[in-house]
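To start, the structure itself, in C-alpha cells.
The values are calculated or read from the model by the stated rules, or taken from the named source; none is laboratory data. All figures in this text were calculated on a predicted structure; none of them were measured in a lab. All Cβ positions, even for glycine, are placed from backbone atoms using ideal geometry, and neighbour counts span all protein chains on display. Areas reflect the complete protein model, heavy atoms only, side chains present, ligands, DNA and RNA absent. Shrake-Rupley method; radii C 1.70, N 1.55, O 1.52, S 1.80 Å.
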Amino acid sequence: VQGIIDLVTDTDQSWSGSQRGTPSTVTDGTLDLDTANNFQYTPATDPDTLEFGNETAGQSGFIKVINASGKTIALGSEVKKGTSWDVSTAGTYLVAYYCDGTNVYVSASEALS
C-alpha cells in the first residue's frame with residue numbers, strides 16, 4: 001500500500017481550491033440545495049414561486065433566471081430580498097444567493113438581455 005487516505009463522507013468539507021458546480025436545470029422554482037449550488041431556472045408556470053429546499057448554513061451560489069415571457073415570480077417565505085428585486089420583467093438575470101441555515105438572501109442583477 002503506497003499510502004492511506006482517510007475519506008470522511010459524513011461531515012461537511014471545506015474546499016482548498018477552485019471547484020466547479022454543474023448548474024442544475026429547473027422549471028418549477030424549487031431549488032434543492034442538496035442537488036447543486038448553481039442553477040439555471042426557466043419558469044414554466046405563471047405565477048411561479050422561487051423557493052429553496054435543504055437549506056444549509058454557509059451555502060451560496062448563483063441562479064441564472066431566464067424569464068423570456070415575463071412570468072410572475074414570487075418568493076417563498078424563507079427568501080429575503082431587497083426593495084429593488086425584480087425578475088418578473090422579461091429578461092435574463094443573474095441572482096446570487098446566500099443561506100444562513102434558515103433564510104436565503106438573494107440579490108439580482110438588472111435584466112441582462
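On the given criteria, is residue 52 open to solvent by 40 Å² or more (accessible area, probe 1.4 Å), of a type in the set (Phe, Trp, Tyr) and under 19 Å from residue 22 (Cβ atoms)? Write out each step before concluding.
Values: open to solvent by 40 Å² or more (accessible area, probe 1.4 Å): no; of a type in the set (Phe, Trp, Tyr): yes; under 19 Å from residue 22 (Cβ atoms): yes.
Against the criterion (open to solvent by 40 Å² or more (accessible area, probe 1.4 Å), of a type in the set (Phe, Trp, Tyr) and under 19 Å from residue 22 (Cβ atoms)), residue 52 does not qualify.
Report whether or not residue 101 is surrounded by 13 or more Cβ atoms within 10 Å (Cβ to Cβ), touching a residue at least 12 places away in the same chain (Cβ under 8 Å) and in a loop (DSSP other than H, G, I, E, B). Quick ask: steps written out before the conclusion?
Working: surrounded by 13 or more Cβ atoms within 10 Å (Cβ to Cβ): no; touching a residue at least 12 places away in the same chain (Cβ under 8 Å): yes; in a loop (DSSP other than H, G, I, E, B): yes.
It is false that residue 101 is surrounded by 13 or more Cβ atoms within 10 Å (Cβ to Cβ), touching a residue at least 12 places away in the same chain (Cβ under 8 Å) and in a loop (DSSP other than H, G, I, E, B).
When region 24-58 is filtered for residues that are among the aliphatic types (A, V, I, L, M), within 11 Å of the chain's Cα centre (by Cα) and assigned to a loop (DSSP other than H, G, I, E, B), the ones remaining, listed by number, are 33, 36. Under the condition of being closer than 15 Å to residue 72 by Cα and in contact with a Lys or Arg (Cβ under 8 Å, 6 or more places away or on another chain), the residues counted in region 85-107 number 3.
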